[in-house]
Amino acid sequence: MPQQLAIIVLVDVGNALEAKSLEDNTYLFDNMKLQGSENEGTGKLVTAINGSYWSDGSQASEQVLNWLPYSLGSLPPTVPRGYEVERARQTDQKALADLEALVNRPAGQGADPSADLAQIQRSVGTRVKSNRRNRGPAAAKILDLTGKVVPADSSAAHSYPAPVITDIYGEAVDEKIIYPAEYGSPDLVTDGWYWSATVDTSRPGTYAYTMKIQLHKLVESGTEALWEPVNLTCESWLRITSEPKRNGFTGAGLGLLPLS
Amino acid sequence: MTTKAKPRTTTPRITNKRPISISAVVDAVGVLASLSTRGHVYLYDTNRTAGSTGFGTEQLRTKVKAGDTLLWSPLALECEAYVAIDGIEIDPAVAEPVRKVYPGTDVSYWTATVKSLPGEEVPYRIRYRVGTRTEPVTSDQSSFLIG
């Protein structure tokens with residue numbers, strides 16, 4: 001049966017940037033544990049792909065792989081799409097409302113307006129300049145791990161953008177076992193892009209492939225904050241098996257179901 | 001003629017110590033099929049370099065100090081599945097986790113500050129809400145905070 005197989009690539013972005021390596025900082029999962037995948041939740045995942053063939057030897061089913069890169073210790077992928085941009089807009093509106101309240105306040109009332117103004121400036125947060133040369137994160141503000149904006153003068157820890165797969169290559173691609181490509185999608189969790197591949201299951205064996213993954217490091221250039229791309233690679237494996245097409249109910253050859 | 005990119009001096013933004021994030025990757029289908037988390041929950045934290053162990057199992061041992069901020073969040077193995085944390089059972093003398101939501105959403109996380117640590121490791125259990133099941137499923141094995 002054609003099947004959609006998902007491979008989750010969970011990256012500890014903070015530690016990977018520090019170590020400049022994805023080794024020991026990447027955990028891979030798929031939904032094929034019961035079908036024979038090994039080393040789930042480690043950096044050494046071997047994804048089982050169980051193909052089937054017709055009696056003339058031709059491929060009987062098409063297996064499709066999808067990759068989902070996630071960040072460990074960042075905002076979760078389940079917050080609404082474009083959440084960082086939405087938070088930037090919300091905090092801008094809040095600051096404008098606060099500013100209006102400050103302007104409309106009768107003179108002589110309340111505390112020092114400059115202190116209030118400084119407070120509003122902090123609540124606006126810090127905008128990160130977008131870098132159009134790379135397909136990096138959209139221009140938004142620095143958010144902390146709980147979704148709040150981080151003021152410019154604060155050194156609170158920030159959330160990292162999700163990792164981005166920029167290429168899939170290696171043995172499995174060279175041997176024409178998988179045909180990976182990046183697709184646009186209305187998918188809610190991957191920001192509209194995902195990598196997918198169809199698999200040729202006619203040549204059983206274990207094949208390695210390499211993912212090129214882009215992480216983003218927050219840097220400061222003068223007074224501007226920028227997401228600087230950092231490209232790293234990570235390897236994983238596919239184990240292809242193939243067996244004759246059979247009836248899933250009876251385990252026997254293809255024919256009519258034994259209905260009485 | 002070639003144009004060279006203008007050299008730009010950048011410095012990494014200096015940040016305080018990051019909160020320790022503990023992520024539970026939940027195989028929702030597996031948990032619902034067996035009504036147990038055994039073999040279907042993988043825990044990770046962001047403090048491996050400080051000495052956390054047990055990655056990818058339920059028995060994650062997270063290295064903490066008094067005063068550390070902890071943040072628990074779940075991640076469903078299949079993106080269509082619903083998974084949330086219903087509660088965290090831990091000695092209240094060590095930490096009192098509370099549920100919070102990301103502003104403007106109903107996506108929740110749990111957070112706590114480590115108050116104090118006894119000499120030995122502190123066990124805790126996470127209750128999960130999975131799919132449309134109304135009763136939560138409590139973790140099969142304890143996770144730990146270690147000093």
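Annotations for the structure displayed:
- Scanning the range B:46-75 for residues that are touching an Asp or Glu at 6+ places or on another chain (Cβ under 9 Å) and assigned to a strand (DSSP E or B) gives B:ARG61, B:THR62, B:LYS63, B:LEU70.
- The residues of the range A:39-80 that are out of contact with any strand residue (DSSP E or B) (no Cβ under 7 Å at 6 or more places or on another chain) and either part of a strand (DSSP E or B) or open to solvent by less than 20 Å² (accessible area, probe 1.4 Å) (or both), listed by number, are A:SER74, A:VAL79.
- If you filter the range B:1-30 down to residues that are polar (S, T, N, Q) and part of a loop (DSSP other than H, G, I, E, B), you find that the one that is modelled with the lowest pLDDT is B:THR2.
- Matching residues, the range A:4-36, being in a loop (DSSP other than H, G, I, E, B) and over 20 Å from B:GLY54 (Cα atoms): A:LYS20, A:SER21, A:ASN31, A:MET32, A:GLY36
- Considering only residues in the range B:26-51 that are closer than 24 Å to B:ILE146 by Cβ, touching a residue at least 60 places away in the same chain (Cβ under 8 Å) and open to solvent by less than 20 Å² (accessible area, probe 1.4 Å), the one that is farthest from the other protein chains (Cβ to nearest Cβ) turns out to be B:THR37.
Condition check ((1) of a type in the set (A, V, I, L, M); (2) closer than 20 Å to A:LEU22 by Cβ) across all residues:
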residue: A:GLY147; (1), (2): no, no
residue: A:SER154; (1), (2): no, no
residue: A:ILE177; (1), (2): yes, no
residue: A:PRO204; (1), (2): no, no
residue: A:HIS216; (1), (2): no, yes
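The values are calculated or read from the model by the stated rules, or taken from the named source; none is laboratory data. Not measured: the values here are computed from a predicted model. Ideal geometry is used to build each Cβ from the backbone, glycine not excepted, and the neighbour counts take in all protein chains shown. Calculation scope for accessible area: heavy atoms of the full protein, side chains included, ligands and nucleic acids excluded. Shrake-Rupley method; radii C 1.70, N 1.55, O 1.52, S 1.80 Å.
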